Amino acid sequence: MTFVITTPLYYVNDKPHLGSVYTTIICDSIARYKRLAGEDVIFITGVDEHGLKIQRTANEKGIEPKSHCDEISEVFNNNWKNWNISFDKFIRTSSKNHEFVVNEFYERVKASDDIYMGVQKGWYCVGCEEFKDNPENSSTYKCPIHQKNLEWKNEENLFFRLSKYQKEIEKIINEPSFIEPIERKNEIINFVSRGLKDFSISRTNVSWGIPVPGYDNHTFYVWFDALLGYVSAISADATEHSLEKSINGGWPADVHFIGKDILRFHAVYWPAMLISANMKVPKKVFGHGFLTREGQKMGKSLGNVLDPDLLLTKYGNDPVRWYLIKDISLGNDGDFQDKRFVDIINNDLANTIGNLLNRTSSMSRKWFDNKVPNNEKILSENKLENSAKIAVENYIYNFDNYKLDLAANEVLSLAINTNLYLNDNQPWLLIKDKDNLPLVKQIIYNVLESTRIIGLLLIPLLPELSTKINEQLGSIYREEIPWKQQLSWGLLVSNSSLPKPTPIINKLEYEQHL
Ligand SMILES: [Zn+2]
């Protein structure tokens, strides 16, 4: 089974911000999870490079749009490598291969009689690259996202017959799993119920774009072009590029992860374009929320933009991943708070998980000759085994349903239960009486076994920390055995060696100003 997951193709106006890092980390976790579950994953990310806004940004810098895009797309590519993102494809919409796919796609849509020449009049936000629905006082109205005045446009454009697909789109958006979360779905259903209007797919005043064949001065509207990046990415590395290759290579996408602001393009325009081209529509569009900082919207004018590079350098990859995945319910807005960040990392990762592993492996090494004790199986009821079984079941259910925060919390709960178990049983007291030795062996075995499962469950969430846990337990993860099988209780090998423990994560210091 091929599983295709996409981040948005990020706009190369600026370097990646925290919101882009968030979406990409979420997709990375899911991609890693699906690979572990045995699926053939195509994880797509990339950059959306065309359009008026980029053209203007490059002009302001006094360079060609192409040079600007080369520079920023390199920044994105390197950035994802620094964040240890396991993407399979990185698509640039200014690439020749992509242009082939756009042209082929356009021919298909044209063959469906869905393209015509018309006049586009209206108020346009260059930041959004989108016409706004006739806001009142349009000349003074500012786009709420960009805080910039709209521009009046009146030009001959090619149009796509979106209105023709009203019924089909209504059907698709009402399917239970197509749009998530539910609040977003209702917004889209409302929008579509007002009646779909044809939209223009070409521009005449934008030179930085893919030329429309047969129409001088027309380039494709940036969204018409960019959405196709999800398709062209699939065969981006093929020597002979074609739409057919991408379709056969894994299309449709299983899920598009996007910010809620671009849901309309993905859940309405995009499926209609695909149906017109006789292609399958994506299986799911997931619109996640926005990130604020200390309760406030981040913005350049407010001077409170949190630079993700700074977070990465200062705290490392896994702490940031843990906070973003565990503390934000996917689909809702999230808030980044410095103090809360430090507290969560110290409590969850350093104290609850890190200490558990270190103190248990130290006890085991001390009492049992640097080894895992024998699994004595003398307790009739194994509480910890039950906790682990429940945690694994819930974790898988939640991951499968993209409830990553709940999946992360299952791992944490298991760690908390394991700590409780250790404290309730107090093996450090029991060991004083030689008769208790079998019982102590059983307790320590159980705790180590539980940490083994915690380590395995953390692989998709925290790739670096989980590797350290694995090494600490004697490199017990076996790549040749399906990961899900390894989640069964009791697989830690009795009497295997335990390496000398080193802290798997250091406690973070809170500083007032990051
Ligand atoms: Zn805007």
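The values are calculated or read from the model by the stated rules, or taken from the named source; none is laboratory data. Not measured: the values here are computed from a predicted model. For neighbour counting, all protein chains shown are included, and Cβ atoms are generated from backbone atoms with ideal geometry for every residue, glycine included.
Given Ser139, Ser202, Ser177, which one is within 32 Å of the chain's Cα centre (by Cα), over 17 Å from Asp114 (Cα atoms) and not charged (D, E, K, R)?
Ser177
Starting from residues that are within 26 Å of the chain's Cα centre (by Cα) and assigned to a loop (DSSP other than H, G, I, E, B), keep the ones in segment 479-505 and report whichever is surrounded by the fewest Cβ atoms within 10 Å (Cβ to Cβ).
The residue in question is Glu479.
Taking only segment 146-167 into account, find how many residues are modelled with pLDDT of 90 or more and within 16 Å of the ligand (Cβ to nearest atom).
0
Return yes when Ile188 is under 27 Å from Phe257 (Cβ atoms), among the aliphatic types (A, V, I, L, M) and within 16 Å of the ligand (Cβ to nearest atom) and no when it is not.
Answer is no for this residue.
Under the condition of being acidic (Asp, Glu) and part of a loop (DSSP other than H, G, I, E, B), which residue from segment 234-265 is modelled with the lowest pLDDT?
So, considering only residues that are acidic (Asp, Glu) and part of a loop (DSSP other than H, G, I, E, B), the one modelled with the lowest pLDDT is Glu240.
Return the pair list, or none, for Cβ contacts closer than 9 Å from residues in segment 231-242 that are crowded, with 24+ Cβ neighbours inside 10 Å to residues that are at pLDDT below 75 and not in a helix (DSSP H, G or I), at least 6 apart or on different chains.
Close Cβ pairs satisfying both conditions: Ser232/His241; Ser235/His241.
I'd like to check something: does segment 294-305 contain any residue that is under 22 Å from Ile26 (Cα atoms), modelled with pLDDT of 95 or more and surrounded by fewer than 19 Cβ atoms within 10 Å (Cβ to Cβ)?
So far as segment 294-305 goes, no, none of its residues is under 22 Å from Ile26 (Cα atoms), modelled with pLDDT of 95 or more and surrounded by fewer than 19 Cβ atoms within 10 Å (Cβ to Cβ).
Give segment 81-139 a look and list any residue that's acidic (Asp, Glu), away from the ligand (no atom under 16 Å from the Cβ) and closer than 25 Å to Pro271 by Cβ, or say none.
Within segment 81-139, Asp88, Glu99, Glu104, Glu107, Asp113, Asp114 qualify.
What number of residues within segment 180-206 satisfy the criterion of being in contact with a Ser or Thr (Cβ under 7 Å, 6 or more places away or on another chain) and either buried (at least 20 other Cβ atoms within 10 Å of the Cβ) or in contact (Cβ under 8 Å) with a residue 40 or more places away in the chain (or both)?
Total satisfying the criteria: 5.
Name the single residue, out of those in segment 38-70 being assigned to a loop (DSSP other than H, G, I, E, B) and in contact (Cβ under 8 Å) with a residue 24 or more places away in the chain, that is surrounded by the fewest Cβ atoms within 10 Å (Cβ to Cβ).
In this case the residue turns out to be Gly38.
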